[in-house]
Amino acid sequence: MRFRLLRPMCAIPCPRVIGPLMIENLVFAMSMMIPNEQPASSSARIVAMAGRIPAAWEPFRACVVNRESRGNPRAQNPISSAQGKYQFLDNQWRQGAGWNVYKRLRDAGMPRPQARAILARLHSTPIKSWAEEYQDAAFAFVILIPRGWRHWQGGNGCNNLVPGGTT
């Protein structure tokens, strides 16, 4: 196995900004050397951050979840491939939603190899089997792009809860 750590390009001692980066790289590399040993607290924190949405969007999210699945991350629509907490169409969304999760994880600070491994698992797994946090991250990505919330427009007055109106 080969590991590549980022090395500081500065004279000793390095500025504070490089220190934490080096430590995080070292911890990640060490976790890859020990099978099934990953820095769980760091990974869990990153995954939780990836699924967060701005507070202004929370009423809309809650309305969509209630309407689509009553909060059940394992929900399956009986007449389509829509699955999970937000009822993504599995046949059309699995690949794209997986990349959305990957992008959110990377933006939250997850190392590329770890995010790629998660992406591979998501691409090979039906959305209703994804961990709830990954479903949240996919939803967060979509609603935060311009007019992305429109994937869930319609009934139950959820549209009225879109921050800034329904433009």
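Were the residues from residue 144 through residue 66 laid out at 0.36 nm apart, the gain over their Cα-Cα distance would be 26.1 nm.
Residues 133, 68, ordered by accessible area of protein heavy atoms at a 1.4 angstrom probe radius and largest first, appear as 133, 68. When peptides 57-65, 80-88 are sorted by average Cβ neighbour count within 10 Å, with the highest value leading, the order is 80-88, 57-65. In the calculated pair distance distribution of region 52-164, what percentage of Cα-Cα distances lie above 16 Å? Here the long-distance tail beyond 16 Å is 57 percent of all Cα pairs in region 52-164.
The values are calculated or read from the model by the stated rules, or taken from the named source; none is laboratory data. From a predicted model like this one, the values you see are computed outputs, not experimental measurements. Backbone-built Cβ (ideal geometry, glycine too); neighbour counts: all protein chains shown. Keep in mind that these areas ignore ligands, DNA and RNA; they rest on the heavy atoms of the full protein, side chains included. Shrake-Rupley method; radii C 1.70, N 1.55, O 1.52, S 1.80 Å.
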